[in-house]
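Data first, discussion second: the structure below is written as structure tokens.
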Amino acid sequence: MAMSASGTAPANRYGRRLLRRLGRPAGGTALALVPLAAVICGLFTGALASRAAWETSRPQPDRAEAAAILTEVFPGHDLGEIDTPPALFVVYGHALRLNTVKTLLFGDGGEYQESATGAAAFGAPPVPAAQIVTEAREHLTGAGWRVYDPQVSDRVSCADKFCATPQAVTDTALTARRGDTILNASVSSQTAVDATYLSVEVHRAPPPLVVPAGVLGTLLGAAAGWVVFGWVSRRTEGRRRRGVVNALVGVATVLWWLPVLLSVPSLLRHHLGEPHPAWHPFWEWLGQPTASLLFLVGAVCVLLALGLAAATRRRGTPEAPVG
């Protein structure tokens, strides 16, 4: 028994030292900053992992598949040419390239969205818009689609710039899903020759790997963030650079969390207000890439904090006193 007790004490000491090295934050401000920074790092990592998992999705419907769906759901309507997207995610209809990065950084990051294959019919509807919606719902149900409640909105359209003859217009949004394919249609009662009375888009739902990849990425990212930011706080504990490092990490944490606090309530209202066969992508709940500039500024602050922490001497070799 004595040997067992004596052998346990060194093991316990080693375990405590290991836990301290694995991310125990220093006291003071770090006790609040480290958990917040670790969690948001985990969320960002989870969003990145979910985006990578999106690459397992089937390509967006091609012209043949889209034509078959349109003929099945909207027979007798001339939807013209079918437009196919250049990539799974696009910015203003174009694939993400180096020259579109500026668009993401300076205010238009919200335009980074999943693409869709679409078509439209112009002019006055050949039959009442309500009849188009009713027939489309019947066709969708008969073909095995899950049809969601249509969303109806009213507006006023003007035939000329002075709006001498205002016209009441009813727009109906129709949403359905079959398998991994989602259909969004908009039916309008407008009668202008150069406007669309019917527009349809078909696109893919998130592939099955998106959720587990996001969860696993979040957990691993949060654990890594806890270790890194805990190390930073301990490395600078009792040092002159501690205040600067805490300030840099604090600024980064605020810049990273602020878009989340603004985006989550907005997206929740959006989801509750209209039908959604699939949730918006993970990164949109974090305010990304709409707030990608804030993310980059925060990342620079964190890199500076890591550099200052790495350059700080260990306790065994204290810095020379000032003066």
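Scanning the range 78-94 for residues that are without any contact (Cβ under 8 Å) to a residue 24 or more places away in the chain, outside any loop (DSSP other than H, G, I, E, B) and more than 15 Å from residue 289 (Cα to Cα) yields a single hit, 94.
Of the numbered criteria (1) under 17 Å from residue 200 (Cβ atoms); (2) within 33 Å of the chain's Cα centre (by Cα); (3) open to solvent by 50 Å² or more (accessible area, probe 1.4 Å); (4) modelled with pLDDT under 95, the one residue 139 fails is (4). Could you go through the range 193-206 and let me know if any residue there is among the basic types (Lys, Arg) and either open to solvent by less than 40 Å² (accessible area, probe 1.4 Å) or farther than 24 Å from residue 89 by Cα (or both). Yes, some residue in the range 193-206 is among the basic types (Lys, Arg) and either open to solvent by less than 40 Å² (accessible area, probe 1.4 Å) or farther than 24 Å from residue 89 by Cα (or both).
Listed conditions (1) without any contact (Cβ under 8 Å) to a residue 24 or more places away in the chain; (2) open to solvent by 60 Å² or more (accessible area, probe 1.4 Å) are all met by residue 241, apart from (1). Please indicate, with yes or no, whether at least one residue in the range 255-266 is open to solvent by 60 Å² or more (accessible area, probe 1.4 Å), farther than 30 Å from residue 182 by Cβ and more than 21 Å from the chain's Cα centre (by Cα). Among the residues of the range 255-266, not one is open to solvent by 60 Å² or more (accessible area, probe 1.4 Å), farther than 30 Å from residue 182 by Cβ and more than 21 Å from the chain's Cα centre (by Cα), which makes the answer no.
This table checks each residue for (1) surrounded by fewer than 12 Cβ atoms within 10 Å (Cβ to Cβ); (2) over 26 Å from the mean Cα position of the chain (by Cα); (3) at pLDDT 95 or above; (4) part of a loop (DSSP other than H, G, I, E, B).
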site: 28; (1), (2), (3), (4): no, yes, no, yes
site: 46; (1), (2), (3), (4): no, no, yes, no
site: 69; (1), (2), (3), (4): no, yes, yes, no
site: 76; (1), (2), (3), (4): yes, yes, no, yes
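Residues in the range 98-119 that are under 13 Å from the mean Cα position of the chain (by Cα), surrounded by 19 or more Cβ atoms within 10 Å (Cβ to Cβ) and not in a helix (DSSP H, G or I): 112, 114.
The values are calculated or read from the model by the stated rules, or taken from the named source; none is laboratory data. Keep in mind that what you see is a predicted model, and the values were worked out from it rather than measured. Note that each Cβ is placed from the backbone with ideal geometry, even for glycine, and that neighbours are counted across all protein chains shown. Note: areas computed on protein heavy atoms with side chains; ligands, DNA, RNA excluded. Shrake-Rupley method; radii C 1.70, N 1.55, O 1.52, S 1.80 Å.
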